[in-house]
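Worksheet: one structure, shown below.
The values are calculated or read from the model by the stated rules, or taken from the named source; none is laboratory data. Not measured: the values here are computed from a predicted model. Cβ: placed from backbone, ideal geometry, glycine included. Neighbour counts: every protein chain shown. Accessible surface areas use protein heavy atoms only, side chains included; no ligands, DNA or RNA. Shrake-Rupley method; radii C 1.70, N 1.55, O 1.52, S 1.80 Å.
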Amino acid sequence: QVQLVESGGGLVQAGDSLRLSCAASGRTFSWNVMAWFRQAPGKEREFVAGIGYSGATVYADSVKGRFTISRDNAKNTVALQMNSLKPSDTAVYYCAATFGVLTTSDDDFDAWGQGTQVTVSS
């Protein structure tokens, strides 16, 4: 059974940094695309950042220049370095993976983690 397990969430102040990690288990080969989504209270889940197996990346406009996604294919892990955090970044962050192409649509992802809470105070 495939599992994606996130870690690294927490409570920080505006301007601080936080690093999220996600480890995939249960498979013997790597996902083609790994990504991060987030969902704030009362809002729909939204795409944050995605990375392909070769390292190609895509970011939501709201996080460009502040967040960096990276992956370790050998370990089947993905990380999200979040800098200059804002209160508007407060959300539950989800790790997702797919064997498909690099996409920003959550409908295209095959596996999801349980989520980790990130809270940014002003």
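Computed values, structure above
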{"read-out": "Criterion violated by Gly15 - all others in (1) out of contact with any strand residue (DSSP E or B) (no Cβ under 8 Å at 6 or more places or on another chain); (2) within 17 Å of Val2 (Cβ to Cβ) satisfied", "value": "(2)"}
{"read-out": "Residues satisfying the stated conditions in the stretch 82-96, i.e. buried (at least 16 other Cβ atoms within 10 Å of the Cβ) and of a type outside the set (D, E, K, R)", "value": "Met82, Leu85, Thr90, Ala91, Val92, Tyr93, Tyr94, Cys95, Ala96"}
{"read-out": "Hits in the stretch 1-15 - residues which are under 19 Å from Cys95 (Cα atoms), polar (S, T, N, Q) and in a strand (DSSP E or B)", "value": "Gln3, Ser7"}
{"read-out": "Every residue from the stretch 40-55 that is on the phi > 0 side of the Ramachandran plot and either among the β-branched types (Val, Ile, Thr) or touching a residue at least 12 places away in the same chain (Cβ under 8 Å) (or both)", "value": "Gly55"}
{"read-out": "Residues located in the stretch 31-56, provided they are open to solvent by 30 Å² or more (accessible area, probe 1.4 Å) and of a type outside the set (D, E, K, R)", "value": "Asn32, Gln39, Pro41, Gly42, Tyr53, Ser54, Gly55, Ala56"}
{"read-out": "Those residues of the stretch 97-120 which are assigned to a strand (DSSP E or B), open to solvent by less than 40 Å² (accessible area, probe 1.4 Å) and out of contact with any Leu (no Cβ under 7 Å at 6 or more places or on another chain), in sequence order", "value": "Thr98"}
{"read-out": "Test: Ser21 is closer than 17 Å to Val118 by Cβ, at pLDDT 95 or above and in a strand (DSSP E or B)", "value": "yes"}
{"read-out": "Given (1) farther than 23 Å from Val2 by Cα; (2) touching a residue at least 40 places away in the same chain (Cβ under 8 Å); (3) of a type in the set (A, V, I, L, M), number of the condition Val63 does not satisfy", "value": "(2)"}
{"read-out": "Of the criteria (1) crowded, with 16+ Cβ neighbours inside 10 Å; (2) modelled with pLDDT under 95, which one Ala60 fails", "value": "(2)"}
{"read-out": "Tally of residues being exposed (fewer than 13 other Cβ atoms within 10 Å of the Cβ) and touching a residue at least 12 places away in the same chain (Cβ under 8 Å) across the stretch 20-30", "value": "2"}
